[in-house]
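Below is one structure, written out as structure tokens; comments come after it.
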């Protein structure tokens with residue numbers, strides 16, 4: 001730094017010292033002279049500041065390494081109570097770290113080598129696994145646990161954590177596993193407003209909305225001995241079952257059988273509605289007041305929480321060109337809802353879930 005800058009800075013310090021001295025003299029009886037002196041010092045200090053010419057080459061900024069983190073939420077519908085661990089690809093382990101009351105956790109991974117394998121362990125000893133391909137968000141939940149198993153056809157997802165240098169080094173296998181899960185569970189995810197959510201990297205809040213709401217109603221059990229995944233709803237009704245290594249074909253392995261009919265209790269005007277459906281005959285009919293709907297084609301039958309969703313085409317009182325969506329729940333009592341639109345997409349009929357009288361009902365079997 002040149003001598004001119006050094007002198008200018010020394011002058012500035014000197015002027016500021018004089019200013020402090022003058023301010024300390026506020027007890028003086030001659031306030032006009034004191035004010036004039038202070039103003040002169042301030043003016044001189046401003047001139048010195050403006051005269052200082054800083055050369056960018058004289059500015060030195062320390063090379064501070066950025067802090068890299070992996071954070072997320074560990075939840076199964078409610079926040080997990082327990083600990084979380086992280087291991088990098090070289091085997092360095094962080095944890096145990098206590099999971100916060102809202103399910104959140106945070107690791108400083110500066111200096112570690114990705115990908116980072118994670119797992120949570122609740123107070124009962126149950127473990128769920130996840131992975132982060134780099135710093136950022138990495139949630140831990142039953143979806144991530146299943147995806148870890150599917151991605152490398154692992155009977156037990158713990159194998160990936162135990163052998164980080166071998167498994168899950170390619171993001172494409174993780175993405176494919178997520179897509180397989182989302183495709184098979186799409187009707188359930190969509191019904192709870194969770195379609196398209198990435199369970200690993202999207203922000204997650206354990207507040208019973210979105211994906212967390214799905215986990216309130218859906219149980220995903222991974223049999224780590226036999227390599228089988230089973231889906232049940234909150235009432236323990238079976239929704240589907242398949243092997244880990246055949247998960248991508250699971251949609252074709254789930255067999256859905258529906259039989260029966262439901263008659264609603266009379267409405268305030270005394271009208272009743274009747275819905276009949278059989279997967280064996282492939283025929284669905286619905287009658288209410290003077291409208292009679294009969295299916296001509298079943299386009300899909302999808303397992304959802306506690307029942308099925310059926311879509312197709314049909315006629316109303318013999319007139320073709322209508323499309324329908326029916327939801328049937330097998331519970332206590334059984335329920336159904338129906339939506340019918342005409343060929344141009346205009347709504348013809350839409351109902352909420354209607355209770356079925358106790359002497360009628362549906363039998364839904366999902367294998």
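The values are calculated or read from the model by the stated rules, or taken from the named source; none is laboratory data. What you see is a predicted model; the values in this text were computed from it and never measured. Every residue, glycine as well, gets a Cβ built from its backbone with ideal geometry; the counts of neighbours run over all protein chains shown.
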Exercise. Can you tell me how many residues in the stretch 279-297 are surrounded by fewer than 18 Cβ atoms within 10 Å (Cβ to Cβ) and either more than 24 Å from residue 267 (Cβ to Cβ) or in contact with a helix residue (DSSP H, G or I) (Cβ under 6 Å, 6 or more places away or on another chain) (or both)?
Worked result: 6
Exercise. Is the stretch 181-195 home to any residue that is farther than 20 Å from residue 309 by Cα, assigned by TED's automatic domain parsing to the domain that holds residue 114 and in contact with a helix residue (DSSP H, G or I) (Cβ under 7 Å, 6 or more places away or on another chain)?
Worked result: no
Problem set entry | Meets criteria (more than 27 Å from residue 106 (Cβ to Cβ), crowded, with 18+ Cβ neighbours inside 10 Å and in contact with a strand residue (DSSP E or B) (Cβ under 8 Å, 6 or more places away or on another chain)) for residue 184 | yes
For this session: Filter the helices (runs of 4 or more DSSP H) completely within the stretch 128-246 down to those with at least 2 residues that are over 22 Å from residue 78 (Cβ atoms).
Result: 142-151, 158-162, 171-184, 186-191
